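What follows is a short report on a single structure.
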Amino acid sequence: MTTSIPSRLIAALAALFIVAAVTSAEARTTAVLIQGLTQAQVLYRSATVSLRSGRAEEAETALKALIALWDETAAATAADPPPVAARINLFAEVMEGGRARLRRAAEVLSQGRQDSALEELAPLKREWIGLRRGIGLYGLVECLEESSEAAEALMTHRRQPADLTRGETRGDIIAKAAVYRFALRRCESFAALDPAGNGEFRRQAEAIGAAIDVIDSALRLRDPALLERVLGDLKTFDTQLSQRFAG
């Protein structure tokens with residue numbers, strides 16, 4: 001009876017060691033994915049901002065770094081998929097698809113086709129937001145995506161002429177403008193940690209806030225032309241802010 005105790009203890013310790021090793025390995029691969037996604041968003045923004053500004057050499061440098069990073073991340077997660085991958089639909093396909101898309105972007109950029117490079121890169125923003133949300137990550141890029149969705153809801157009153165004589169129409173505009181303002185303000189705490197510059201974010205956000213204030217004037221004056229103009233400005237401001245800080 002007594003001689004079986006050490007063997008049982010050894011077996012238990014061995015089992016604990018195996019569990020700890022597996023948990024440690026899972027933690028490493030999860031950390032690789034998190035780090036890869038976080039750095040990828042920064043390099044993606046650097047590449048797209050440079051492309052829109054006509055700085056092809058800077059864009060090429062950022063894109064090369066992004067390709068190397070994503071190759072490493074995709075290879076590591078393919079060899080040892082992190083546990084969170086099971087919660088993400090088509091995880092492996094998204095990772096490999098990103099590698100192919102980045103290479104196509106680099107190819108067309110080397111041919112001087114900057115607009116085509118932007119077109120190739122564009123879907124990656126949404127795909128990587130989906131990956132980050134799937135593993136529970138949330139930051140400035142995700143926050144701006146939500147605020148842009150709120151802005152788009154407000155734009156329905158630009159696409160369809162609003163009858164400002166109707167109280168329910170005015171109420172809907174006021175509500176959607178308030179949601180957009182709130183969604184954007186939520187992003188300020190994330191922008192404060194962003195290397196792109198909290199000051200610039202605040203200036204652009206204040207311009208959006210001022211435009212939202214003009215909406216109140218348009219509603220009070222029952223002026224659909226003024227409303228259409230300010231919604232057009234808001235769309236431009238929101239696009240500029242999103243592109244500058246989210247890529």
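Every read-out reported here was derived from the displayed coordinates using simple, explicitly stated rules and does not represent laboratory data. What you see is a predicted model; the values in this text were computed from it and never measured. Virtual Cβ from ideal backbone geometry, glycine too; neighbours counted across all protein chains shown.
A few points about this structure:
- Stretching Arg99 away from Arg28 to a fully extended chain increases their span by 23.4 nm, per 0.36 nm per residue minus the current alpha-carbon distance.
- Cα-based reach from Lys176 at 26 Å (exclusive), listing lysines while leaving out same-chain residues under 8 positions away: Lys125, Lys235
- Relative to the current alpha-carbon distance between Leu90 and Leu193, full extension at 0.36 nm per residue lengthens the span by 33.9 nm.
- At an R0 of 22 angstrom, the distance between the Cβ atoms of Ile174 and Thr239 translates into a FRET efficiency of 0.45.
- With 0.36 nm allotted per residue and the present C-alpha distance subtracted, the Arg202-Asp223 stretch has 4.7 nm of extension available.
- The relative contact order of the chain, computed from alpha carbon pairs under 8 Å that lie at least 6 residues apart in sequence, is 20 percent.
- Reported label for calculated semi-axes √(5λ) of the Cα gyration tensor in Å given [x] 46, 21, 15; [y] 46, 25, 15; [z] 40, 18, 15: [y]
- The chain - mean residue ellipticity at 222 nm from DSSP helices (-39,500 (n - 2.57) per run, n ≥ 4, rounded to 500): -28500 deg cm²/dmol
- Measuring between their Cα centroids, region 80-132 and region 168-247 lie 29 Å from each other.
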